[in-house]
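See structure below.
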Amino acid sequence: MDYIKLTIYTTNEGIAPVSGVLYDMGIYGIEIEDEKEFNEFLENNTKYWDFVEEELVEKMKGETRIIIYMEDDEEFSSKYDTLVSLIDELKSTDEENVFGSLVVTNDSVKDEDWCNNWKKYFHPIEIGEKILVCPQWEDAGQTDRILFKINPGMTFGTGAHHSTSMCIEQLEKCVKKGDSILDVGCGSGILSLISVLLGAEEVTALDIDENCVHVVYENAELNDIDKNKLKVLSGDVLSDDKLMEEISDRKYDIIVANIVADVIMPLAPKVKNLLKKGGYFICSGIITDRLDEVRKVLSEEYNILTVNTKSDWAMICSKK
C-alpha cells in the first residue's frame with residue numbers, strides 16, 4: 001500500500017487546534033515538527049542528544065509542520081477535501097493569524113520509503129582524532145579509527161551533538177589503559193562504551209531512566225564489549241542514598257557527566273570524594289549562557305583545566 005503524506009503548516013500556537021481538527025476526523029497518528037518544542041526537548045532530555053544530526057536541527061527551524069499519512073485509495077480524495085475544508089474553517093476563525101498559514105500540501109510516499117526514511121539522517125561520523133561512530137547498517141569501510149557501532153532507532157537523530165562530541169574528544173585525551181570510569185547520565189551508553197574502547201577497564205554507568213540499563217548492554221553487545229566491564233544502574237544519584245552507597249565501592253580515574261547545568265552544579269561536590277587524586281571530572285551539556293555560573297561552582301571544588309565550546313554548548317574538564 002502506498003501513502004499520501006499531508007503536511008499542514010502552522011505555528012506552535014496552532015498545534016492544539018489543528019490536532020483537534022485531525023482528531024475529530026478520527027486521525028490520531030500525527031507527526032509534529034516544531035522548533036520550540038524540539039529545542040525544549042533537547043534541553044530537558046539529554047539522553048537523546050547523543051547523535052542529533054545538524055541536518056535534523058536545521059530541518060526543525062522555521063514554520064511548525066503537522067504531518068499525517070493517508071492511504072492512497074479510492075477514499076483519499078473525499079478525505080482530503082474534508083480535511084482542507086475543515087482547515088479553511090479554522091483559518092477563518094483566526095483573525096489575528098496566530099495559527100500561521102495553515103497551508104496543506106501533499107506528496108506520495110512508497111510504503112518501503114516511509115519505513116526507512118528516518119535512516120537518511122544517520123551516517124558514519126568521525127569524532128576527535130580516534131573515534132568513528134557508525135550506524136549498524138552502514139559500512140564503515142577501511143579505517144584506522146576506533147569503530148563504535150550503534151543502532152539508535154527511530155527516536156534518535158544522527159551525527160554527534162556538540163555536547164557529546166566534546167566529551168568524546170576529552171575522553172580521548174584523558175582515558176588510560178586500565179582506568180575506572182563513572183558515567184553519570186549515561187543515556188544509551190555512548191561515553192561509557194567509548195571509554196572501554198579507549199582502554200578503560202571498568203565503567204559504572206548511571207541514568208535516571210531505567211530503560212537505559214538494557215540499552216547500554218545492547219550497545220555493548222553490538223560492539224563486542226565484555227559486559228563484565230560494565231555496571232549499569234538506574235536512579236537519581238543526587239537523592240538516592242542507596243545508589244550513592246553502591247557507586248562508592250571504589251575510586252574512579254574519571255567521572256563524566258553529560259547532563260545539564262542544574263544537575264552538574266550539585267553533582268560536582270557530591271562526587272568529588274569518589275575521584276582518585278589527580279582524577280578528572282568532565283562535564284558537558286552546559287549552555288553557554290550558564291557557563292560562568294557552572295565554572296564558578298567547579299572552581300570551588302576542582303582545578304579547571306579546559307573549557308571548550310561549540311555553537312551554544314560548553315564542556316569543562318577539571319581535575320581533583
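The values are calculated or read from the model by the stated rules, or taken from the named source; none is laboratory data. Given the structure is predicted, the values throughout are model-derived calculations rather than measurements. We place every Cβ from the backbone using ideal geometry, glycine too, and count neighbours over all the protein chains shown. Surface accessibility is based on the protein's heavy atoms, side chains included, excluding ligands, DNA and RNA. Shrake-Rupley method; radii C 1.70, N 1.55, O 1.52, S 1.80 Å.
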Dipole magnitude (debye, nearest 20) for the range 215-320, charges at Cβ of Lys, Arg, Asp, Glu
560
With charges set only on the Cβ (+1 for Lys and Arg, -1 for Asp and Glu), what does the dipole of the range 137-289 come to about its Cα centre, in debye to the nearest 20?
640
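Multiply the residue gap between Glu31 and Glu301 by 0.36 nm, knock off their C-alpha separation, and tell me the result in nm, one decimal place. Walk me through the numbers on the way to the answer.
Details: separation 270, 0.36 × 270 = 97.20 nm, distance 4.51 nm.
Answer, rounded to one decimal: 92.7 nm.
Taking the Cα centre of the range 192-275 as origin and charging only Cβ (+1 Lys, Arg; -1 Asp, Glu), how large is the dipole, in debye to the nearest 20? Intermediate values should be presented prior to the final figure.
Values: 8 positive and 17 negative charges, 71 e Å.
It works out to roughly 340 debye.
Report, in listed order, any pair from Lys130/Lys242; Lys229/Lys296; Lys176/Lys296 with a Cα-Cα distance greater than 32 Å.
Numbers: Lys130/Lys242 37 Å; Lys229/Lys296 34 Å; Lys176/Lys296 28 Å.
The answer is Lys130/Lys242; Lys229/Lys296.
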Using r as the Cβ-Cβ distance of Lys177 and Glu245, and R0 as 30 Å, what FRET efficiency do you calculate, to the nearest 0.05?
0.55
With a cap of 16 neighbouring Cβ atoms within 10 Å, and only residues DSSP puts in a loop, list the chymotrypsin sites (Phe, Trp or Tyr not before Pro) found in the range 125-230.
Trp137
Could you tell me the calculated FRET efficiency between Asp24 and Asp107, based on Cβ-Cβ distance and R0 = 22 angstrom, to the nearest 0.05?
0.40
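Just flag the GluC sites (Glu not before Pro) in the range 276-305 sitting in loop per DSSP whose Cβ has no more than 13 other Cβ atoms within 10 Å.
Numbers: sites: Glu293, Glu300, Glu301; in loops: Glu300, Glu301.
Counting only loop positions with at most 13 other Cβ atoms within 10 Å, the GluC sites (Glu not before Pro) in the range 276-305 are Glu300.
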Can you give the FRET efficiency for Thr288 and Asp81, using 1/(1 + (r/R0)^6), R0 = 51 Å, r = Cβ-Cβ distance, to the nearest 0.05?
0.55
Solvent-accessible surface (1.4 angstrom probe) belonging to Thr306, in square angstrom, nearest 10
40
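Accessible area per residue, 1.4 Å probe, Å², for the range 176-320: what's the number?
44
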